[in-house]
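Peer 1: For reference, the structure I am asking about is given below.
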Amino acid sequence: MTSAALGRPRRLGLLLLALLAIAMAALPLSVRADAGAPAVAVRDELAAIRRLMAQSRDAYRAGDRERALRLARQAYLDHFELVEIPLRVADPNFTFAMEVQFAEWRQAIERGAPADEIDRILMEIDSGLVEVERVVGGPGLAAPAFVTLASFSILFREGIEAILVIAALLGYLGVHQPSLRRPLWIGVLLAVPASLATWLLLVVVLRVVPVGRELLEIAMSLLAVALMISISLWLLRRIDTRRWMEYLRAHAWEAIATGKASAVALLGFTAVYREGAETAVLYQSLVLMARRLETWIALGVLLAAVSLVLIGWAVIALGARLPLRAFLSAAVSIVMLLSIAILGHAVWELQMLGYLPVTVVELPALNRLVTELLGLHPTREVLIAQLALALAYSAAWLWAGWAWYRSATVSRAVRVSD
């Protein structure tokens with residue numbers, strides 16, 4: 001075996017180990033403040049909610065509706081949302097009922113309802129808080145399972161795409177101009193710290209931006225959904241193996257045609273940095289959505305990173321082939337499902353903040369894990385948003401299937417004519 005052949009696996013190993021180390025080191029940077037916090041003290045949070053309820057009631061009776069509404073929002077956003085995490089796992093239906101009561105409380109204040117009606121709502125909430133203390137038990141498995149799967153899916157999809165691109169470019173350069181493989185690796189390696197810098201920049205910007213945490217979480221969720229839609233459509237256009245390879249070869253040929261090592265290095269940098277930047281945005285959205293579940297996010301990152309190390313070594317160093325069409329189909333499906341779930345959570349948060357109306361509908365009893373994975377909330381607005389996105393994805397799949405069928409038909413006709 002030549003020294004070049006020995007060096008390639010060694011470089012790949014160093015790159016993949018660096019990616020793993022950075023992924024595990026970078027993730028806690030944005031969550032350390034919360035990760036080190038103690039577990040939810042349910043009784044303390046419930047006591048704080050009751051204090052704010054009393055203060056809001058007094059402010060409303062005194063005619064200060066603005067302060068009463070601010071205190072009502074504080075009771076839900078600063079305290080009940082923390083209790084929601086274990087409560088949703090223990091009894092999601094009861095959690096929803098409590099969320100609706102908090103929403104009704106805020107809406108009653110906004111429309112200037114009679115004080116007696118406000119008192120009635122507060123009595124119902126207080127009764128529910130007693131039940132909350134009884135219901136909440138251990139952390140359960142549904143929420144951690146959802147967060148771990150989402151975390152794994154993000155890094156695995158982005159990482160596997162980067163591996164496929166690097167492997168294809170290395171193979172193409174190895175045949176046409178082997179001397180340019182070194183600049184390609186340089187560009188790939190430079191993309192790693194650039195991706196980390198993007199993550200850090202997001203962390204800093206999101207901490208100093210003058211927007212409330214809840215609105216920031218919603219904005220990041222909607223940005224992540226938009227990014228996932230773009231990723232899904234991009235992958236669908238290249239789900240045919242032949243089109244994927246044509247896309248990669250065209251980019252490699254453009255770089256080689258310049259005859260410059262810098263162009264090839266830029267190609268390697270872009271191939272990896274695009275995935276790294278997307279990963280930074282998607283993980284930031286997940287961190288904001290899954291507060292106090294950072295350990296499970298890290299577990300998903302670790303599982304994905306180990307899987308990528310093994311697959312990357314097999315594909316690039318050993319020359320193994322992946323079932324590209326099957327992988328791309330699975331990757332698109334995972335991204336689409338995750339985007340539908342995140343959209344459901346984002347619309348629900350907008351409803352809980354009072355920016356969207358709440359129209360309750362009855363859903364059939366579903367497994368808790370299924371409802372968490374799909375982001376299902378029993379309101380008409382959430383279901384309409386998710387259904388619209390699902391229908392759009394279905395249309396995109398039909399279009400991709402038709403395009404692939406036409407391409408296959410043309411290819412068969414050409415072979416027959418030859």
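Peer 1: Please give the number of the condition Val135 fails out of (1) touching a helix residue (DSSP H, G or I) at 6+ places or on another chain (Cβ under 6 Å); (2) at pLDDT 80 or above; (3) of a type in the set (Val, Ile, Thr).
Peer 2: For Val135, the exception is condition (2).
Peer 1: Just to confirm my filter: which helices (runs of 4 or more DSSP H) fall fully inside the stretch 1-115 and include at least 3 residues that are modelled with pLDDT of 90 or more and surrounded by 16 or more Cβ atoms within 10 Å (Cβ to Cβ)?
Peer 2: On the way: elements: 3-26, 32-35, 42-61, 65-74, 81-90, 92-110.
Hits in the stretch 1-115: 42-61, 65-74, 92-110.
Peer 1: Of the conditions (1) modelled with pLDDT under 75; (2) in contact with a Ser or Thr (Cβ under 9 Å, 6 or more places away or on another chain), His377 fails just one. Which one is it?
Peer 2: Checking His377 against (1) modelled with pLDDT under 75; (2) in contact with a Ser or Thr (Cβ under 9 Å, 6 or more places away or on another chain), the one that fails is (1).
Peer 1: For the stretch 128-147, check the following and say yes or no: at least one residue is over 16 Å from Arg274 (Cα atoms) and basic (Lys, Arg).
Peer 2: Step one: of the stretch 128-147, the residues over 16 Å from Arg274 (Cα atoms) are 128-147.
Then drop every residue that is not basic (Lys, Arg), which leaves 134.
Yes, some residue in the stretch 128-147 is over 16 Å from Arg274 (Cα atoms) and basic (Lys, Arg).
Peer 1: Mind checking whether some residue in the stretch 358-367 is at negative phi and at pLDDT 85 or above? Lay out the reasoning, then the answer.
Peer 2: Pass one, the stretch 358-367, residues at negative phi: 358-367.
Imposing the further condition that a residue be at pLDDT 85 or above reduces the set to none.
No, that holds for no residue.
Peer 1: So Ala197 ticks every box in (1) touching a residue at least 40 places away in the same chain (Cβ under 8 Å); (2) under 22 Å from the mean Cα position of the chain (by Cα); (3) over 30 Å from Leu353 (Cβ atoms); (4) surrounded by fewer than 16 Cβ atoms within 10 Å (Cβ to Cβ) but one. Which box is left unticked?
Peer 2: Answer for Ala197: the failing condition is (1).
Peer 1: Of the residues Met352, Met336, only one is crowded, with 20+ Cβ neighbours inside 10 Å, at pLDDT below 75 and of a type outside the set (Gly, Ala, Ser); which? Steps first, answer last, please.
Peer 2: Working: Met336 fails: at pLDDT below 75.
Going through Met352, Met336 in turn, just one is crowded, with 20+ Cβ neighbours inside 10 Å, at pLDDT below 75 and of a type outside the set (Gly, Ala, Ser): Met352.
Peer 1: Among residues belonging to the stretch 68-111 that are aliphatic (A, V, I, L, M) and without any contact (Cβ under 8 Å) to a residue 40 or more places away in the chain, point out the one that is farthest from Glu133 (Cα to Cα). Write out each step before concluding.
Peer 2: If we filter the stretch 68-111 for residues that are aliphatic (A, V, I, L, M), which is where we start, we get 68-69, 71-72, 75, 77, 82-83, 85, 87, 89-90, 97-98, 100, 103, 108-109.
Right, trim to without any contact (Cβ under 8 Å) to a residue 40 or more places away in the chain and you get 71-72, 75, 97-98, 108.
Values: Leu71: 22, Ala72: 20, Ala75: 16, Ala97: 15, Met98: 13, Ala108: 26 Å.
The extreme case among them is Ala108.
Peer 1: If only one of Val175, Val192, Val209 is within 22 Å of the chain's Cα centre (by Cα) and modelled with pLDDT under 80, which one is it? Outline the logic, then answer.
Peer 2: Numbers: Val175 fails: within 22 Å of the chain's Cα centre (by Cα); Val192 fails: modelled with pLDDT under 80.
After applying the criteria, what remains is Val209.
The values are calculated or read from the model by the stated rules, or taken from the named source; none is laboratory data. Nothing here was measured: the structure is a model prediction, and the numbers come from that model. Heads up, the Cβs are rebuilt from the backbone with ideal geometry, glycines too, and the neighbour counts pull from every protein chain shown.
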